[in-house]
Amino acid sequence: MQSETRREPMAQDTFHTDASQGHDAYTRLLSEIRQGRLGPGDRLTETELAQRLGTSRTPVREAIRLLEADGLVTHTPRVGAVIRQLDYAEITELYEMRAVLEGTAARFAARAAYPSEIDEMAAINAEMAAAKGDVERLYEANRQFHDILRNAARNRFLLSAVQAVQKTLLILGPSTMEEGGRAEAAIAEHEALIAALRAHDGDAAEAAMRAHIEAAHRARQRQLRKRGRE
């Protein structure tokens, strides 16, 4: 009887494992950046992160590389990898680009959105109204609302551009939904957008989305000023 031949691990298997673990570490670090647990100027030390995430240094190194490619991490001499800091002008520029891109997405969606997508956006907005002070739930529902809108625009290049801006904004930390009155205002702004989409009014949809992003920018500025005083 022939004995079974034991298959030795191949370099390709190791590569795929490291890549998978690296992506997992990347996702977890992105979440920590969004939650404010990792903030601008914080060092990313491979040894410390590997221990905290329960993995080896190789996936952590890959995660840092991906964050650097996203523009979220930079290398500082004699310090190493750190979470990038955005100055006031950069934050303003990001929100200006977001207003342009998401305003355009709203215009396109007024033309291309399916009724079922608009209904889903309305249902999510109702969920936001019911969430009240649950910031995490509000954040997630708001993210879903904007994801549906962007997908309804039916433009892959626009979607890619918006996602790049959104990822950079993660550096700013926690959602503005925790700012007093912002959630209620956002829900009302969403209602105006939904009405424009149902009417297939591209001008009104773009104007509603631009107003929504500009209001979010003002809320972000208040949040950052408050954080600066703490």
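In Å and whole numbers, how far do the C-alpha atoms of region 155-230 stretch along each principal axis, longest first?
45, 29, 14
Tell me, what is the percent relative contact order of the chain, built from C-alpha pairs under 8 Å that lie six or more residues apart?
24 percent
How many angstrom lie between the C-alpha centres of region 39-74 and region 97-155?
Value for the Cα centre distance between the two parts: 31 Å.
Once the piece of chain linking E214 and R198 is laid out straight, how much longer is it, given 0.36 nm per residue of separation minus the C-alpha distance between them?
Here the answer is 3.5 nm.
So I have (1) 0.96; (2) 1.49; (3) 1.21, and one of them is Cα Rg over 2.2 N^0.38 Å calculated from this model. Which one is it?
Recomputing Cα Rg over 2.2 N^0.38 Å here gives the entry labelled (3).
Which of the peptides 146-155, 91-100, 50-59 is most tightly packed, and how do the rest follow, judged by the mean count of other Cβ atoms within 10 Å per residue?
146-155, 91-100, 50-59
Could you sort T176, T104 by their accessible area in this structure, using a 1.4 Å probe and putting the largest first?
Largest accessible area first, the list is T104, T176.
The values are calculated or read from the model by the stated rules, or taken from the named source; none is laboratory data. This structure is a prediction, so every number in the text was calculated from the model and none was measured. Glycine gets a Cβ as well: all are built from the backbone with ideal geometry, and neighbour counts include every protein chain shown. Heads up: the accessible areas ignore ligands, DNA and RNA and are worked out on the full protein's heavy atoms, side chains in. Shrake-Rupley method; radii C 1.70, N 1.55, O 1.52, S 1.80 Å.
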